[in-house]
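Derivation of every value follows stated rules applied to the coordinates shown; laboratory data play no part. Not measured: the values here are computed from a predicted model. Note that we place each Cβ from the backbone using ideal geometry, even for glycine, and neighbour counts take in every protein chain shown.
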Amino acid sequence: MAVDRDRIVSFLFRLVRPRTPMRPSWLEHSVSRSFGGFLRGQALSGVIYGTISMAASLLLGLPYMPVTAASSGICSHPFFGPFIS
């Protein structure tokens, strides 16, 4: 998405009628805001998973607690997780 940003934005602008000049910038702003919110939510979810994994590792006395906590937090992210795991 970062590489093809200009193509994606131009495609979205073609979907909006040209007689509404304010609409394309509003569309770009709302899409980027909602996608940013999605990414922040997923990052928060990863932090929560990592914290729960850290607490479980400490409670059970498992070795390699930092590795398991970080890997469970990163692997729960929908973009980075599948590639890393």
Could you order the peptides 40-46, 72-78, 62-68 from most to least packed, using the average number of other C-beta atoms within 10 Å per residue? 72-78, 40-46, 62-68
Starting from the Cα-Cα distance between I84 and R14, subtract it from 0.36 nm times their residue separation and give me the gain in nm to one decimal. 21.6 nm
